Amino acid sequence: MWLLPHAQKQLTIQPFHFEFPRYKAIRRLTGALNSVDSPTIRFTTNKIRQTAINMASERYNAREAEARWQKTWDKAEVFKTSNSDQRPKYYVLEMFPYPSGRIHMGHVRNYAMGDVVARYRRARGFNVLHPMGWDAFGMPAENAAIQNNVHPSEWTYQNIAAMRDQLKIMGLSLDWSREFATCDVAYYKQQQKLFVDFLEAGLVYRKKSKVNWDPVDMTVLANEQVIDGCGWRSGAPVEQRELTQWFFNISEHAPDLLEALDGLDRWPEKVRLMQKNWIGRSEGLTVRFEFETTAPDGSDTLEIFTTRPDTLFGASFMALSPDHPLSAAIAKTNPDLTAFIEECRRIGTSVAAIETAEKKGYDTGLKVKHPVNEGQTLPVYVANFVLMDYGTGAIFGCPAHDQRDLDFANKYALPVTPVVLPENGDAASFKIDQEAYTGEGRIINSDFLDGMSIADAKETIAVRLESVQIGGSPQAERQINYKLRDWGISRQRYWGCPIPVIHCEACGTVPVPKQELPVELPNDINFDKPGNPLDRHPTWKHCACPACGKEATRETDTMDTFVDSSWYFTRFTAPDLEDPTDKNVADHWLPVDQYIGGIEHAILHLLYSRFFTRAMQITGHVGMKEPFKGLFTQGMVTHETYRDADGQWITPADLRIEEGSGIRQAFRLDTGAEVSIGSIEKMSKSKKNTVDPTDIIDTYGADTARFFMLSDSPPERDVIWTEEGVQGAFRFVQRVWRLVDDAVESMPPLDTPQPETFSENVLALRRTTHKTLDAVSNDLEKLAFNRAVARMYELVNSIGKAGKPTSDDGAWALREAIETLVQIMAPMMPHLAEECWQKLGQNSLLATSDWPQVEKDLLIENTIILPVQVNGKKRAELSIARDATKEQVEAAALELEAIVRILDGNAPRKVIVVPQRIVNVVA
RNA sequence: GCGGGCGUGGCGGAAUUGGUAGACGCAAGGGACUUAAAAUCCCUCGGCCUAUGGCUGUGCGGGUUCGAGUCCCGCCGCCCGCACCA
């Protein structure tokens with residue numbers, strides 16, 4: 001039986017409380033006494049020894065050692081990074097945390113990985129920048145303010161203090177001197193300067209747009225905060241409102257943001273693909289259809305966008321978005337249409353609504369002429385499935401080859417004419433009923449397009465329509481459309497960066513002059529009413545117009561918090577500067593060489609940052625457009641879930657697990673009642689399957705927690721947090737400690753020169769050492785932490801198997817092996833490594849030491865073992881000189897007893913020798 | 001619906017990218033030490049068989065190859081992202 005950490009702490013003595021030397025003395029004594037042949041003495045010594053072991057004092061005292069080394073590093077300022085350093089630079093960054101109150105295991109995993117990279121690169125001779133900060137603006141602080149009557153600022157800074165302490169006990173090699181929070185006035189002041197620059201450069205603009213409006217909380221909600229059409233907090237039905245909002249013109253950069261993805265070759269393919277889909281490029285044609293009679297809004301043509309102009313002959317109707325200007329114009333004099341449009345808006349565009357909503361339309365009575373099919377007219381509908389913000393907000397419907405159009409046509413009894421015939425299809429009998437055909441084929445029923453492929457038909461119809469003039473311009477134009485829309489950054493909230501703009505009746509929108517920045521958030525606010533406290537503050541928004549001096553009002557919206565996180569990595573390069581950046585310094589450090597974070601930011605944060613860096617380049621703040629050269633997305637931390645008989649979630653700390661003969665059962669600690677063990681899920685507060693990092697570090701130490709997070713699971717995949725796994729890591733920590741402790745006695749002094757020769761078995765240990773070093777180096781380069789961990793286990797096993805040295809060269813090789821082990825484990829378990837390093841007699845700090853050198857000669861064996869196959873099945877092994885010729889290998893293989901037996905006197909048909917790999921005998 | 005990924009022991013996962021499948025860890029079983037427990041150390045651990053050997057085995061079915069977990073074709077299953085995008 002084992003107990004989960006919380007319970008364990010209550011029931012057992014902490015292993016770290018006892019001093020090592022005391023135990024060592026006892027062990028020496030009992031060792032001597034044990035040799036005496038007397039049952040009484042043996043019994044007594046056993047008692048003494050047990051007591052000593054029970055004191056657990058043999059163990060490495062992580063708690064004491066970790067605090068000590070953290071202090072040492074701190075004092076020596078070994079992680080403080082200078083901007084003027086001759087060594088090559090390396091910028092490693094983990095996505096900065098939101099200060100919610102406590103760190104969670106996801107943070108531990110993220111920062112453990114980043115720290116390994118930082119420490120490894122440092123040892124490899126790079127000048128490493130590894131900073132930390134806080135993504136500190138946002139709604140939770142306001143919610144806390146409302147619920148607990150605490151100022152958002154106070155709540156946030158308290159959380160930051162608590163979380164900083166938690167991070168510090170992890171022993172991360174961070175340059176804390178560069179720390180800042182995005183809610184620091186000094187930071188958002190610079191962000192406001194950037195905003196003003198962007199405004200002048202035309203990168204920001206203001207327009208009316210539809211937003212989700214919560215009428216109870218009186219605020220805009222993000223799409224994610226609208227649940228089943230209601231506000232997530234208030235529960236009130238969300239309204240669609242037209243509000244004037246600030247936008248970044250990210251969509252103008254869509255082509256570049258898309259193309260540049262190809263150059264991000266150190267990004268996960270998956271993330272690049274997600275961004276590609278999000279940007280959503282499609283090539284097509286805008287086509288203008290002539291109305292039979294002029295439309296109510298005075299227009300003579302209706303412009304649509306299509307990617308399938310090849311199906312034009314299959315058109316049977318036109319459809320407008322309910323938000324199309326023409327829809328509104330017709331609705332003015334048409335109450336039925338007004339009602340229909342209202343209904344469409346009510347249903348909204350939530351996921352649930354889209355899945356269940358029927359395709360519906362309203363026939364406006366208008367008709368357009370078919371552009372190429374002489375004499376055909378098409379009815380114009382307003383349809384609920386047409387989006388205003390894509391293409392032109394109007395489409396032509398081709399029911400045979402588009403499922404939505406088919407559903408619509410079936411409902412309103414519109415004609416369905418197939419114009420693409422599948423290969424091997426029969427034109428006479430090909431009918432479309434309930435399922436549209438969207439595949440490849442030959443064009444039919446399409447006059448001059450008949451018989452063409454889809455691609456040829458697209459080109460032909462485009463050329464034809466481009467040559468037709470309507471009202472002085474071509475009827476059709478080729479166009480590239482993007483799904484990416486401009487980034488609306490206005491938030492009707494207090495806890496965000498104020499948008500530095502003043503509204504003046506005479507002068508319009510005037511940016512706050514840079515010398516008057518920052519526009520600071522007022523402190524005297526209250527949350528007793530819903531809505532934006534900035535808006536109802538008695539004095540804050542009233543000011544003089546910077547242009548004319550007359551009375552004016554401040555913008556009371558604040559910026560989306562994604563703006564804050566779109567350039568923090570740049571600010572780290574010069575965190576105290578009185579300008580947003582020092583361009584030279586920023587250009588020195590950027591792009592970030594290795595960025596590490598969760599996949600959940602694959603689109604928003606990473607796309608916004610890419611845009612923002614471009615904007616900063618345009619306004620002269622940085623010299624590049626891509627901020628992150630290498631990106632790594634780590635997996636989540638998961639844990640078993642537990643529920644009691646009532647279905648209540650139970651947290652792991654409140655129960656104990658019993659295990660035996662393959663049966664695992666969980667019981668509540670308080671009542672003893674059995675609890676059912678459920679599926680493995682992402683650690684979350686709602687399922688209570690979280691484990692507190694501080695508990696783990698208290699019990700096992702930071703090195704154990706870090707090491708476990710990096711073991712077993714590949715870093716990009718989810719890792720399952722298990723108590724057994726942590727204990728495995730803890731055992732390894734202790735094992736290394738014992739190994740070093742035992743070995744020190746049989747080691748030569750520090751600067752003993754390397755022996756001239758080594759005996760064969762000593763050489764074997766040296767080979768293992770250098771092979772491990774080589775492999776771990778490669779694994780760390782590729783962030784394959786789990787593989788590196790396995791290699792370290794192997795080396796420890798090998799050193800253990802080698803046993804105590806019996807010769808000088810053996811002793812020397814032992815020191816080499818152990819020093820190497822300590823050095824390669826240092827990035828993962830820095831405290832233990834320093835402790836061992838010191839124990840080995842080293843005076844330097846391992847944190848500032850160089851990575852050991854691989855002796856390439858030792859990677860090559862003189863004698864190798866080749867597997868020998870017969871017909872692809874391994875039958876024997878052949879030990880042979882590495883540089884043996886193919887002929888020699890073949891001859892030796894055929895002489896092997898096992899091979900001779902199998903061949904049974906017959907000559908092999910063929911022998912394949914792959915040098916230094918394998919031998920395959922074809923019988 | 002569209003796009004992408006993944007299927008290897010009881011479990012997490014290795015496998016030099018076509019060359020000894022199961023490294024390393026976890027769990028389990030056995031043993032040593034101990035009055036006992038804990039800790040530690042040693043052994044076993046894909047399956048089957050007539051067991052110092054042999055057969056079989058990487059989701060299923062085929063193919064290419066001297067040789068396939070890896071490549072190709074066709075299925076099955078799971079996971080993720082996007083989604084009324086014309």
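What follows is calculated from the coordinates using simple rules that are stated; it is not laboratory data. All values reported here derive from a predicted model rather than from experimental measurement. Backbone-built Cβ (ideal geometry, glycine too); neighbour counts: all protein chains shown.
Across the options A:537, A:620, A:565, the greatest Cα extent toward the positive end of the charge dipole of the range A:534-657 (unit charges at beta carbon of Lys, Arg, Asp, Glu) belongs to A:620. Counting only DSSP H runs of at least 4 residues, each contributing -39500 (n - 2.57), and dividing by the residue count of chain A, the helix-based mean residue ellipticity at 222 nm comes to -11500 deg cm²/dmol. Can you list the residues, at least 5 places off or on another chain, whose amide H is less than 5 Å from the amide H of residue A:366, using H built in the peptide plane? So residue A:366 has HN proximity to A:380.
Put simply, the amide H of residue A:470, placed in the peptide plane, has neighbours under 5 Å in A:475, leaving out anything fewer than 5 places away on its chain. Projection of the Cα convex hull of the range A:524-582, averaged over all directions and equal to a quarter of that hull's surface, yields 6.4 nm².
Counting beta carbons within 10 Å around each of A:247, A:612 and listing the fewest first gives the order A:247, A:612. Considering all different alpha carbon pairs of the range A:369-525, the Kirkwood hydrodynamic radius works out to 20.8 Å.
Here the Karplus curve 6.51 cos²θ - 1.76 cosθ + 1.60, taken at θ = phi - 60°, turns the phi angles of the range A:684-689 into couplings of 8, 4, 5, 9, 6, 9 Hz, with x standing for Gly and Pro. Amide H contacts under 5 Å for residue A:209: A:243, A:244, A:245, restricted to partners 5 or more places along the chain or on a different chain, H placed in the peptide plane at 1.01 Å from N.
Spin-label model, residue A:259 to residue A:848: label points 7 Å out along the Cα-to-beta-carbon direction sit 4.8 nm apart.
Please check which bits of the range A:677-718 a label hung off residue A:787 would reach, taking the label as a point 7 Å along Cα-to-C-beta and the cut-off as backbone N under 15 Å. It comes to A:711-717, nothing else.
Separation of the range A:258-305 and the range A:149-183 by C-alpha centroid, Å? Between the Cα centre of the range A:258-305 and that of the range A:149-183, the gap is 44 Å. Multiplying the residue separation of residue A:244 and residue A:778 by 0.36 nm and subtracting their alpha-carbon distance yields 186.9 nm. Note on the range A:65-194: Cα-only Rg and Dmax are 16.3, 52 Å. Which value does Rg/Rh take for the range A:806-847 over its C-alpha atoms, Rh per Kirkwood? Using only Cα positions, Rg/Rh for the range A:806-847 is 1.03. Ignoring lysines fewer than eight residues from residue A:688 along the same chain, the ones with Cα atoms less than 24 angstrom from its Cα are A:9. Ordered by the number of other Cβ atoms lying within 10 Å of each residue's own Cβ, fewest first, A:482, A:91, A:568 fall into the sequence A:482, A:568, A:91. On a per residue basis, the convex hull of the C-alpha atoms belonging to the range A:809-880 measures out at 154 Å³. Placing unit charges on the Cβ atoms of the charged side chains and taking the dipole of chain A about its Cα centre, the candidate lying farthest along the positive direction among A:761, A:420, A:828 is A:761. Expressed in units of 2.2 N^0.38 Å, where N is the residue count, the Cα radius of gyration of the range A:116-267 is 1.39.
Legend: P(r) of the range A:142-228 from all alpha carbon pair distances, 10 Å bins from 0, whole percents, reading 12, 23, 34, 24, 6. Histogrammed with a bin width of 10 Å, the alpha carbon distances of the range A:763-873 distribute as 13, 41, 32, 10, 3, 1 percent, first bin at zero. Within chain A, the whole DSSP H helices whose Cα atoms reach 30 Å or more along their own axis and whose mean Kyte-Doolittle score is at least -1.0 are A:723-745, A:760-781.
Ignoring lysines fewer than eight residues from residue A:874 along the same chain, the ones with Cα atoms less than 21 angstrom from its Cα are A:886, A:910.
Note on residue A:682 and residue A:863: the extension gain reaches 60.2 nm, defined as 0.36 nm multiplied by sequence separation minus the Cα-Cα distance. Over all Cα pairs of the range A:400-484, how is the pair count split among 5 Å bins, expressed in % and running from 0 up to the last occupied bin? It works out to 3, 13, 18, 17, 19, 17, 10, 3, 1, in whole percents.
Of A:771/A:801; A:207/A:359; A:367/A:431; A:210/A:483; A:210/A:367; A:514/A:583, which sit over 22 Å apart, Cα to Cα? Among A:771/A:801; A:207/A:359; A:367/A:431; A:210/A:483; A:210/A:367; A:514/A:583, the Cα-Cα distance tops 22 Å for A:207/A:359; A:367/A:431; A:210/A:367.
For the range A:297-414, how big is the tail of P(r) above 18 Å, as a whole percent of Cα pairs? For the range A:297-414, the share of Cα pairs beyond 18 Å comes to 49 percent. Using only alpha-carbon positions in the range A:645-754, the gyration tensor eigenvalues give semi-axes of 38, 16, 13 Å once each is multiplied by 5 and square-rooted (largest first). Temperature 25 °C, viscosity 0.890 mPa s: under these conditions the Stokes-Einstein estimate for the range A:242-374, based on its Kirkwood radius over C-alpha pairs, is 132 µm² per second. Centroid-to-centroid, using Cα positions, the range A:192-224 and the range A:501-516 are 17 Å apart. Name the lysines eligible as straight-distance cross-link partners of residue A:168: C-alpha to C-alpha under 21 Å, and not fewer than 8 places from it in the same chain. Leaving aside lysines fewer than 8 places away in the same chain, those within reach of residue A:168 are A:71, A:75, A:80.
Using the Cβ-Cβ distance between residue A:764 and residue A:741 with R0 = 25 Å, the FRET efficiency computed as 1/(1 + (r/R0)^6) comes to roughly 0.60. Peptide packing for A:92-98, A:872-878 was compared via the average number of neighbouring C-beta atoms within 10 Å per residue; ordered from the highest value, the list is A:92-98, A:872-878. Of the two radii for the range A:692-805, the radius of gyration is 1.04 times the Kirkwood radius, both from the alpha carbons; that is the Rg over Rh value.
For the range A:80-127, the fraction of C-alpha pairs more than 16 angstrom apart is 48%. Could you state, as a whole-number percent, how many of the C-alpha pairs of chain A are farther apart than 36 Å? Distances greater than 36 Å cover 65 percent of the Cα pairs. In this Cβ point-charge picture (+1 for Lys and Arg, -1 for Asp and Glu), chain A has a dipole of about 2260 debye about its Cα centre. When only alpha carbons are used to place a centre, the range A:391-432 and the range A:701-766 end up 67 Å from one another.
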